[in-house]
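All remarks here apply to the structure that follows.
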Amino acid sequence: MYNEHYYCVIMAGGIGSRFWPISREAMPKQFLDFTQAGRSFLRLTYDRVSRFIRRENIIVVSLIRYKDLVMRQLPELESGNLLLEPYNRNTASVLTFSAYTLLKRDPLAVMMATPADLAIDRSAEFERTMTKALDWAAGHDDLITIGITPTRADSNFGYIQMADEFTGGAPVKVKTFTEKPDVELARVFIDSGEFLWNSGMFAWRASAIRDELERYAPEITNLWKGWKEVLDTPDQEEFLNRVYTDTNRISIDYAVMEKTDNARVYPASFIWADIGNWDSLYEYLAHHDEHGNASNIEGKSLILDSRDNVMYSGNKGKLTAIRGLDDYIVIDTDDVLLICPRNDHKFKDFLSQLAMPEFAQYK
């Protein structure tokens, strides 16, 4: 039974630069199908939440430049449920925009928020966890984040420290947030048993996040004065251009969650992957051979004496032949061939070189 006051906000405005050269500015990762399942990350996310959120209560927030992509992949999405940002200002602005919009439409709105690019399995458990979080949020001022039990010391994720042991009922008070520690510190976190991965998913009353944003991030909310009169009117676009021009990029974690006394976490047992870079996609790609190579190759392949690589080719008529390569990323597209160590720091440094003018056409 759907609750008419429960909403889902899908955050789908990222550029996905760390998945270059498959993810480009014109076609970022949330609109791509990495699994050959015929559904993009955005489509999978929408279908997943529509099992327990009314379709008319699903909001997608993206950039103006991606309007046509969103509507092409989600043709059933009501036009008023696509919120378009003029610029990418990170998740604090996304959630400010969506909270104010929902409050104008429904003062009793209770919203969950999820990135569009998460890989999630055990859908029934996901539904159960998110419904519990929404039910709790409906009756409390708490800001709930969803925590994932870590399976390894991974420095690509943020970590949440629980103040108490989770007993299966109420969400647990958050003690600390730590953004992407090094591997050694992550190992200490895991050994303590007190830490969860930060999933990037939230649940709260729209009025509760509004209050905490206005308390801890006035540099953002002060720019939104007059929102009640402007949102969902012909004047909205001009208003948003002014707001976003003066807004700094900041995540909701830094803006609010690390400051508020109302942060709580629900430990989740569904299977989750934050597809933030090629290394995390390595864990998610369906095809792993006996040597640890993760591949999504549409044509024929001949892979010998090679281990723990991430390999992709979308060319059905091309043979991918690799020998003697370990821990590399090999990506073959129509206009780019990428061969780079899987080391995330080296890859990010490599990507920074794309800012050079001679590479602009490949971004």
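The values are calculated or read from the model by the stated rules, or taken from the named source; none is laboratory data. Quantities reported herein were computed from a predicted structural model and do not represent experimental measurements. Cβ sites come from the backbone with ideal geometry, for glycine too, and all protein chains shown count toward neighbours.
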Taking LYS363 and the conditions (1) under 30 Å from GLY193 (Cβ atoms); (2) within 23 Å of the chain's Cα centre (by Cα); (3) surrounded by 14 or more Cβ atoms within 10 Å (Cβ to Cβ), which numbered condition does it fall short on, given that it satisfies the others? (1)
Criterion: surrounded by fewer than 19 Cβ atoms within 10 Å (Cβ to Cβ), among the aliphatic types (A, V, I, L, M) and touching a residue at least 40 places away in the same chain (Cβ under 8 Å) - qualifying residue of ILE271, ILE275, ILE329: ILE271
Sole exception among (1) among the acidic types (Asp, Glu); (2) over 16 Å from VAL256 (Cα atoms); (3) at pLDDT below 95; (4) surrounded by fewer than 14 Cβ atoms within 10 Å (Cβ to Cβ) for GLU229, by number: (3)
Would you check which residues across segment 13-56 are surrounded by 22 or more Cβ atoms within 10 Å (Cβ to Cβ) and in contact with a Gly (Cβ under 8 Å, 6 or more places away or on another chain) and list them? PRO28, LYS29, GLN30
Quick check on THR114: is it of a type in the set (Ser, Thr, Tyr) and touching a residue at least 24 places away in the same chain (Cβ under 8 Å)? yes
Kindly state which strands (runs of 3 or more DSSP E) lie completely within segment 76-170 and contain at least 2 residues that are within 25 Å of GLU214 (Cβ to Cβ). 82-85, 110-115, 143-148
Return the total of residues in segment 276-302 being outside any loop (DSSP other than H, G, I, E, B) and among the aliphatic types (A, V, I, L, M). 4
Looking at (1) closer than 19 Å to LEU42 by Cα; (2) modelled with pLDDT under 95, can you tell me which one THR114 breaks? (2)
For segment 19-41, state whether one or more residues are out of contact with any Lys or Arg (no Cβ under 9 Å at 6 or more places or on another chain), within 21 Å of ASP121 (Cβ to Cβ), at pLDDT below 95 and among the aliphatic types (A, V, I, L, M). yes
Select the helices (runs of 4 or more DSSP H) contained entirely in segment 186-275, then report the ones holding at least 1 residues which are in the same structural domain as THR131 (by TED's automatic domain parsing), farther than 27 Å from ASP141 by Cα and under 23 Å from the mean Cα position of the chain (by Cα). 236-245
